[in-house]
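Down below is the structure, laid out as structure tokens.
Derivation of every value follows stated rules applied to the coordinates shown; laboratory data play no part. Here the structure is a predicted model, which is why all the values come from computation and not from measurement. Cβ atoms come from the backbone with ideal geometry, glycine included; neighbour counts cover every protein chain shown.
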Amino acid sequence: MRFILFLLSFQLLFFSAYSQKIDYSVPKDFVKYIDKQDYRKIIDASVAIISKRYQIDFVKKGAIHLKSGQYMEGFHVDNLINKCLRVEDKSKWETEIEEHFTNLFASLDEQKNINPEDFESIRKYLSLRIYSKVFIEQKAGRDKIIFETHLEDTYTVLMLDLPGAFATVDPGVFENWKQNKKEVFDIAQTNINKQQVEKITKTFQVDQAEVEISFLGNEDYAASYALDLIHNSPDLVGEWGSVIAVPNKGLVNICKISRDKPVEFVKFIQYTKAAVEQFYRQHPQPISNQYFWYYQDRFTRINVLTDAAGNINVIAPLGLAELMSEKK
């Protein structure tokens, strides 16, 4: 009830100012996950909070754009929608929205106290996030990020992990640091390796064989944590590396490859493929529905083919095939 009254009050106070400037069309990335009524609640509540600090110009495609000359261009609500969708009790969305912007504003205030030109003071905030190429092309563009490529068809983006929010590193700021790109990414990875990531390993019966599968879980860090398994989780890397699936930013599936069980990864892929595609398809921020061979700090995509009968065929990458043939 309190949330409804809040929204009614907002609409009475701000209707004349924003009625012609708010597009309530649900962004296409979220059409499957949220209806127009719930999306409107999130937008209206967000506009009410943001308008206390900034002058809003218009709202369109999940972005609240600000009038010029206010330190920043606007706010995307993708992360906020994700947070709300994880809360089944919609009566608690008001609190979720308020906490989101409280943390976000605290992060922005923190950014104002950080000298972006002073690399030594900012290095503790360096972080990484993996995004699909499609996501970057739709939301920002390559020219607005600093990135490397580890997984095919993705970008590993250099970020600042600030209190309450992540922010991309501006290319102009990066240039002013005059630092080696690889060394900066190494620092960011070291920061990620210190994060608490849930690790679970279980054994599954697959076609009368035991297959050991490990999972990494952390909505902010799991995917980028998996970029450096050899250092942060060497127990998840076999003699011949591991096969890894990263369907979204919060989940990683792993099967290590050992000399004693060289083809266990094939059963792993066949067993998990449907689930990986589901976790990729249903997450608002998917990364990849592919599998990768992780060996000696490199990721190589594995060709996985499904025939007309539904049989899943796995083609080992050349390097892995060579290791397997040497064993014979």
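Quick check on packing: order 93-100, 225-232 by the mean number of other C-beta atoms within 10 Å, highest mean leading.
Working: 93-100: 16.9, 225-232: 20.6.
Packing order, densest peptide first, comes out as 225-232, 93-100.
Residue by residue through region 148-156, what is 3J(HN,Hα) from phi via Karplus (6.51 cos²θ - 1.76 cosθ + 1.60, θ = phi - 60°)? Round to whole Hz and write x for glycine and proline.
For region 148-156, the Karplus-derived couplings read 10, 10, 10, 9, 4, 6, 9, 10, 8 Hz, x marking Gly and Pro.
Taking the beta-carbon count within 10 Å as an exposure proxy, list 291, 280 from fewest neighbours to most.
Ranked by crowding around the Cβ, least crowded first: 280, 291.
Of 304, 242, 203, which is farthest on the positive side of the dipole of region 198-327, counting Cα position, with +1 on Lys and Arg Cβ, -1 on Asp and Glu Cβ, and the Cα centre as origin?
Ranked along the dipole, the leading option is 304.
Within the set 52/182; 133/273; 36/199, which residue pairs have Cα atoms separated by over 30 Å?
Violating the 30 Å limit, Cα to Cα: 52/182; 36/199.
Greater than 19 Å separation of Cα atoms is the criterion. Which listed pairs, 21/67; 61/90; 21/61, meet it?
Check vs 19 Å cut-off fails for 61/90.
Along Cα→Cβ, 7 Å out, is where each label goes; now give me the distance between the ones at residue 258 and residue 303 in nm to one decimal.
With each label placed 7 Å out from Cα toward Cβ, I get 3.0 nm.
With each run of n ≥ 4 DSSP H residues scored as -39500 (n - 2.57), what mean residue ellipticity at 222 nm is computed for the chain after dividing by its residue count and rounding to the nearest 500 deg cm²/dmol?
-12000 deg cm²/dmol
Taking the Cβ of residue 152 as the center, what net charge do the other residues with Cβ under 13 Å away carry, scoring Lys and Arg +1 and Asp and Glu -1?
So the environment of residue 152 carries a net charge of +1.
Calculate one ³J(HN,Hα) per residue across region 318-323 by plugging θ = phi - 60° into the Karplus curve 6.51 cos²θ - 1.76 cosθ + 1.60, and present them in order as whole Hz with x for glycine and proline.
Listing the rounded values in order: 3, x, 5, 4, 5, 5 Hz.
What does the highest-first list of 61-72, 213-224 look like by mean Cβ count within 10 Å? Please list the in-between numbers first.
Working: 61-72: 13.8, 213-224: 20.3.
Order by mean packing, descending: 213-224, 61-72.
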